[in-house]
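Contents: one structure, followed by commentary.
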Amino acid sequence: MAKLHIRKNDTVVVLAGEDKGKTGKVLKVLVEKERAIVEGVNMVSKSTKPSAKNPQGGIVKQEAPIHVSNLSLIDPKSGKPTRVSIKHEGKNVVRIAKKSGEEIK
């Protein structure tokens, strides 16, 4: 299983699919499936039964996972999509944007 270039709270842009061009914040990363849930991207309708949290029930819109190959990190300096390089500094791993050379935090 490969390490992923995307982490929780990163800002990403969608490269392919129905939501191509949309940007959003990563809410959750599913490492085993190599997918990520991005805020406002890949919205699906889900039917829910009435519960204490949602007493009315009905149809709820929520984000579905999208494959990480269809996502690109946003460069912190330029605000454009960029690839990521990984640099090892002792025990720490630092992600660096290829376009600007800036460290991604």
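Table for the structure above
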quantity: Output for the range 34-56, where each listed residue is open to solvent by 80 Å² or more (accessible area, probe 1.4 Å) and either over 17 Å from residue 16 (Cβ atoms) or of a type in the set (Phe, Trp, Tyr) (or both); calculated: 39, 46, 47, 49, 50, 52, 53, 55, 56
quantity: Single residue of the range 57-100 satisfying the filter (open to solvent by 30 Å² or more (accessible area, probe 1.4 Å) and touching a Pro at 6+ places or on another chain (Cβ under 8 Å)) that is nearest to residue 7 (Cα to Cα); calculated: 74
quantity: Residue match in the range 18-26 (condition: open to solvent by 90 Å² or more (accessible area, probe 1.4 Å) and over 25 Å from residue 98 (Cα atoms)); calculated: yes
quantity: Unique residue being part of a loop (DSSP other than H, G, I, E, B) and of a type outside the set (D, E, K, R) when the list is 59, 37, 6, 86; calculated: 6
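The values are calculated or read from the model by the stated rules, or taken from the named source; none is laboratory data. Keep in mind that this is a model prediction, so the values were computed, not measured. Cβ coordinates were reconstructed from backbone atoms using ideal geometry, including for glycine residues, and neighbour counts include every protein chain displayed. Each accessible area value is taken on the protein alone, full model and side chains, heavy atoms only, with ligands, DNA and RNA left out. Shrake-Rupley method; radii C 1.70, N 1.55, O 1.52, S 1.80 Å.
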